[in-house]
1. What do you reckon, how do His383, His322, His187, His278 stack up by accessible area (1.4 Å probe), largest on top?
2. Starting from the 7 Å offset along Cα-to-Cβ, what nm value, one decimal, do you get for the label separation of Arg452 and Arg84?
3. Rolling a 1.4 Å sphere over the protein heavy atoms, what is the accessible area per residue of the chain, to the nearest Å²?
4. Tell me, what are the semi-axes, in whole angstrom and largest first, of the equivalent ellipsoid of the chain as set by the roots of 5 times the Cα gyration tensor eigenvalues?
5. Quick one: pull the percent of accessible area on the chain belonging to carbon and sulfur, 1.4 Å probe, ligands and nucleic acids left out.
6. Among Ser248, Ala342, Gly362, pick out the residue whose Cα is farthest towards the positive end of the charge dipole of segment 207-362, where Lys and Arg carry +1 and Asp and Glu carry -1 on C-beta, about the Cα centre.
7. Taking only Cα atoms, what is the 0 to 90° angle, nearest 10, from helix 388-397's long axis to the longest principal axis of the chain?
8. Among 126-138, 302-314, 465-477, how do they line up from the highest to the lowest mean number of other beta-carbon atoms within 10 Å?
Amino acid sequence: MVAGTPSQGVTSPEGPARVLVASNRGPVSYTLEEDGSLTAKRGGGGLVSGLSAIGPETDAVWVCAALGPGDREAARRAEGRLDRAQTGGQTVRMLDIPAATFEAAYQGIANSVLWFTHHMLYQTPLDPVFDEDFTQQWEQYEAYNTAFADALAQEAAPGATVLVQDYHLTLVPGLLRERRPDLRIGHFSHTPWAPADYFRLLPDAVARDVLRGMLGADRAAFLTARWARLFADCCAQVLGATVSGEGSSLSVTHEGRTTRIGVHPLGADGDFLRERAHRDDVADRMTQLRAQVGTAPDGTPRRTVVRVDRTELSKNIVRGLHAYRRLLTDHPEWREHVVHIAFAYPSRQDLALYRDYTAEVGRVADEINAEFGTGDWTPVVLHVKDDFARSLAAYRMADVALVNPIRDGMNLVAKEIPVVSEEGCALVLSREAGAHEEMAADAFSVNPYDVRETARALHAALEMDPADREARSRRLAGTATAHPPTRWLLDQLEALGS
């Protein structure tokens, strides 16, 4: 690890912070216009909602990285904390980390190594290859994490609470502990965690540094008990750490320090989704989608199988399409009576592997439409342009939700669709999604690699008695909203302080 110099207090004119959140992406992004002005755009998500629930009286500060040229210019002009008029009232310190360092840390290590490891996505006959390029990128990842640790050490009041987020910042807790042993530090992982045998694909020194970094926290938390247990197993097998307890009392002791392990499932924001799903723009998108779906030859509304995902490799969109094709092959009675509404929004298109995967999604969808489509029936309605209102319209129309990731930390789509679906929806859910731990009792569980099993689950879901489907959907919605984003972040703060 990169050692640092301990520092106390903060030089900010707004004073030191009692609560700090650190994440790669912040709540606002900037575009640098041709005339030199900056346009701010507010983001969303669980962290934004959660931090807004903490309240201004806690003196909370969000530390994040500048992601592009507009962000970097905004960070330079702000000379520290951003204008609160542009951040929704939140105090934000955006770090102007050099572009080359950010790129190597974010794309080279976080997205291309740690993400692939925890989602178990490597084609191991060819990847990974840890050579000189990796070594240089890892040094930049260390520098990136060091920049965060330095900023947090400067911003934090004595005894403050710091919540560090995700795989981008695994080294920060340990680095921050060296600088500020007085702080209460938590780390939260939004991804799955790899089994020890797979985690050991990483170079030994890197695997140890990641674990030691996270064990610098007083508490390391995860979305499910399964991911928490796998992390503890890695600590035992890679570091020789001592693991104690079970479930909510799990802890890891290494080099004289004990880190408590926590579990905090993230739920859907039910109130927001229900309100947002009934605005005029969503109603307009529903009209358009219903026209695309059409009616069956007997005049009845066609059934819908809905998925909404980014074209992220772990989301398993291609196998989902193959399962839908198998449904139409094995059960011809569904032809012209069902439409697969598939929203596959391009992700990480700067990486060739992701561009190829996005193209494959389109190719398979076209094949299905060519094989089965008729003059007035398009079996797969595929949209690739991100449109939140259209996604909510599809949620409302869903008879079946298909959520079949290879591996997923949680998967909020599995929770959002039952909350919004108007007639109640059946959920076909991968057993490798974090949401499965909570929702399996009312879902059709599938092995994400088994296309035939997924096709059988789709058939069973489409055949469900409407009353049974509605009852299941209601229970799923209750489970989905049990841990709203605001409560999720507050629970972490409370647990860290206990």
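1. Values: His383 40, His322 60, His187 5, His278 115 Å².
Heavy-atom accessible area, descending, gives His278, His322, His383, His187.
2. Between Arg452 and Arg84, the simple spin-label model gives 6.2 nm.
3. Value for the chain: 40 Å² per residue.
4. Details: eigenvalues 323, 125, 98 Å².
The answer is 40, 25, 22 Å, longest axis first.
5. It is 49 percent, rounded to a whole number.
6. Of the listed residues, the answer is Ser248.
7. It is inclined by approximately 50 degrees.
8. Listed from highest to lowest mean packing, they are 302-314, 465-477, 126-138.
The values are calculated or read from the model by the stated rules, or taken from the named source; none is laboratory data. This is a predicted model, so every value here is computed, not measured. No Cβ is skipped: glycine too gets one built from the backbone with ideal geometry, and neighbour counts run over all protein chains shown. When the accessible area is computed, the model is the full protein with side chains, heavy atoms only, and any ligands, DNA or RNA have been set aside. Shrake-Rupley method; radii C 1.70, N 1.55, O 1.52, S 1.80 Å.
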